[in-house]
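The values are calculated or read from the model by the stated rules, or taken from the named source; none is laboratory data. Note that the structure is predicted; figures quoted are calculated from it, not measured. Counting neighbours? That spans all protein chains shown, and the Cβs are built from the backbone with ideal geometry, glycine included. Accessible surface areas use protein heavy atoms only, side chains included; no ligands, DNA or RNA. Shrake-Rupley method; radii C 1.70, N 1.55, O 1.52, S 1.80 Å.
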Amino acid sequence: MNEASPISPVAESIVGDPHGDAVLSDHERLGLYFAVGLGAGAVIALQIDIMRVFSVGSWAHFGSLVVSLAMLGFGLTSAVMTLAKDWFARHWRGVATVSLGLFGPLAVGANLYVQHLGFNAIFLVSDPAQKWKLLHIFLAELTPFLAGAVFLGCVFLRSNRTFGRVYFADLAGSGLCGLLFLLAMYVFVPANLIAAPLGLWLASSVAWALGPGGKRALLPYLAVGGLAFAGHFWIAPALGLKTLAVNDYKGVSYARKFPDSKRVYESVSPFGYLEAYSSSYLHFAPGLSDNAGFSLPTMPANAYLGLYIDSDGPIGVMRDLTDKETAYFRFLPMVYPYLIKKDPKVFVVQFGGGISTEVALHSGAKDVTVAEGNRAVIDAFHSDVFRKFTGDILSKVKVIDYEGRHFLAQTKERFDVVDLSLADSVGLSNPGGFAVVEKFPYTQEAMETYMRALAPGGVLSVTLWNKEEPPKSVLKLYATMAAAAMAVASRTAADSFFVVSSYLSTATVLYKNGGFTPVELETLRKHTRAMSFDEIYSPDFPFDPTQTDPTLKGYVEQIFAGAAGGPPLPDTAGANPTAPSDPGADGAPPSGKADDGVLPATLMGRLAWHALMTGGWPEIAKRYVFNTHALTNDSPYFAAYVKTADLPRVLDRLELLQDEWGYLLIWATLGVACLTATVLLAIPVVFGWRTIFSRTRGKLLSVLYFACLGAGYILVEVGLIAHFVMALGNPTISASVLITGILVFSGVGALVSERIRPRMRVVMPAIFLTIGGLLLLYALAIDTVLEDIGALPYVVRLVCCFVLIAPPAFLMGFPMPTAMTTLGRLGKGHLFIWAWGVNGCFSVIGAAAAPVIATNFGLAAVIEIAAVAYLLALPAFFGVIAETGEPARA
């Protein structure tokens, strides 16, 4: 068949049957399209549901691992169907009918089994049983995806000559159903979110029964659907089976075990599952000085509610304290800027639980503005429970209901104090490890925005949890703030910082516009000594350089030599005789020498600031045991501490790095995905290459083509989701908007692609070049655009994000259906279904590779590599459309 020759309208308007079945009628075709759209939507919804269940019950990165690997079910289905293409072509209706009917029961059964296993990531290294449990989770969650893949594979095989229309139904249905799942998150608690994919699956089954499946399947489908719903909502509770088991090491598990614990608030939304508990056992004193216990006449009793988001926390919500009790605030690190700023105008970058706001209000602030990007948190504080408990704190301040960095970037107001304190619950680390998530409020660009928003003499105060030994996140914060200061006011940067920390508690960095005066420094130092905090840096802080080598060497030995405990005390035999002595009695800061009894973490902080301010940081960072690069909009990750080159060296001592599970698992996911995908793709080659592919022209180029499409498409999707968090402020919202937008617009592109087939030799190269150019442009400019969008009303932001997605997404809908339809019409039937599998496997590999690329090279690199993938697909396209020399079977 000449590829440029026209196809008859009749041939293009039907779903051809390669083995003589009657042509589908109009209502059967309609039923097929609805069944495909709703079925694909059910698969997407189940993916999100599994990740939500893991986020609330365990840890999100394990959910991503399970879903990524379970999606290899599409590759397994492709391998089997490639080898048995003729059998599946003859029995496509029956196989599709049965596999679709199994999806719902398998989804419910897999979830109940997984919740029953009691997987605990904390003991993944020390307890071999946990590894087997993780394997069981993967295999269990694989089963519903296998059922969905077989159903879609049968329909795709049956529709090989009009693939664009079915592909449109697949993409558009997936996107719109992803949006429906977003709405479902306002209705169902995470334990019951499975109702969304079950509902979509049942609707898909009904559409299939009223279409190609036949009405005889309707009653069995309804019966199986009723059983699936009953299994989750009634049978499981009756048998005492959990539908969502929360790990004992999640924050909310501790709150639930307090004898007088009481849940006083609950809300569900895409912004998170919020719970608030009251208990006399809840004591949330972030960075509280040890001196408070014997310096205060009374400590506030029952002062906090514990607020938990997706079971993580607590975020401390402080009650309205009496005047006598407010003396407590003086012992918190957030009070530092108010020691030197009287009656300040204050901006709180992230409201959180409101503690920084309470400190500001009780420290003489004349005007307080707070920002909070999580709308669920704002709604919680407007509820009766929180209003009564906090004395209606939001009524005392001006509230900005979006990210503080965007407000400060747009406003002309200037503030005496800008505060970003403890915005991450009980810390960036938790027993499940650092999640690889974007922290845009902490990037260098964000810090520059905060610094520029300061009035003359204004103070930026950033307090971060500092619970790690060796230090990790706090060093990234130091590097980030130092880089921002150099960009804003390099001449005065060294005079503009005052840094204190409390061992295994918090670290506070103060930056003053214009630099600190001697009087201000003395005030801050006096308070630091009174609180027994450690001074880390100030403009004239002396540093002993002889501590550099022992400190760095000690941490290397601690991790890589397997030494227990902290690094050895430095050898002072070669101490520099000209180093500053300890003034001691006059109250000046200590020298930092070993005989001062300074802890290694404190020494490392002092060493870091000395290097940052004197220009020696690149060399120190290179020698330090962990990655300490500054956060930027392109690389906004506190996670990813283990340097890539050191990964092989830590494989035998993972117990030392449990807080790095999030990062280590993305590498594990990539490795397992590559290995498994290789095996799945090799099955048709090993068992059927000679008979299936030997006479197919353009085989290798076709494989390259579909591999590029699979990897490129998912890299764009994952990369833009991460970028859009900056504007939308929430990963779930960002994912829903991106998935919906990119799939729907791609679906429209797939539908339109039929019209360009007669001219595809000319049009498709232009489309590939345009996609590549657009993606490169997005990689360079998207951050600037999203920064501006972030300050708009939320609905406008959503619309703007959809508009941004549309151009590349629409064009990305052309390559896949054009090539698949061409394969079908050229008689390359076996390559048709295998190409689908290649695309699916490389989608999984791309999804696993995206966070690895982002953490090592930046988010822009993810989009740039996607652009390269689409440009590589251009020459490979001509292998796809190469004719076989044989007539295609009708």
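Overview of results
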read-out	value
Surface accessible to a 1.4 Å probe, per residue, for the residues of the chain, Å²	36
Estimated FRET transfer efficiency when R0 is 45 angstrom, pair Ala561-Val187 (beta carbons, to 0.05)	0.25
Stretchable slack from His91 to Thr644, in nm (0.36 nm times residue separation minus alpha-carbon distance)	194.2 nm
Heavy atoms of Ser295 accessible to a 1.4 Å probe, total area in Å² rounded to 10	60
Average projection area in nm² (convex hull over Cα atoms of the chain, one quarter of hull surface)	37.8
Tensor-based shape of region 356-405 (alpha-carbon gyration tensor, a/c under 1.5 rounded, otherwise prolate or oblate)	oblate
Accessible surface of the chain [probe 1.4 Å, protein heavy atoms]: carbon and sulfur percent	63
Relative contact order, percent, the chain [alpha-carbon distance under 8 Å, six or more residues apart]	16
Neighbourhood net charge (14 Å Cβ-Cβ; Lys/Arg +1, Asp/Glu -1) for Gly514	+2
Largest to smallest accessible area among Cys154, Cys674 [probe 1.4 Å]	Cys674, Cys154
Antiparallel content of DSSP bridges confined to the chain, in %, to 5	65
Exposure rank, largest accessible area first [Trp208, Trp87; 1.4 Å]	Trp87, Trp208
For peptides 544-551, 66-73, sequence by mean Cβ density within 10 Å, most packed first	66-73, 544-551
Helical segments meeting 30 Å axial Cα length and Kyte-Doolittle -1.0 threshold in the chain (DSSP H)	26-57, 92-117, 128-158, 163-184, 661-688, 699-728, 731-752, 760-789, 829-857, 859-880
Exposure ranking of Ser490, Ser261 by accessible area [1.4 Å probe, largest first]	Ser490, Ser261
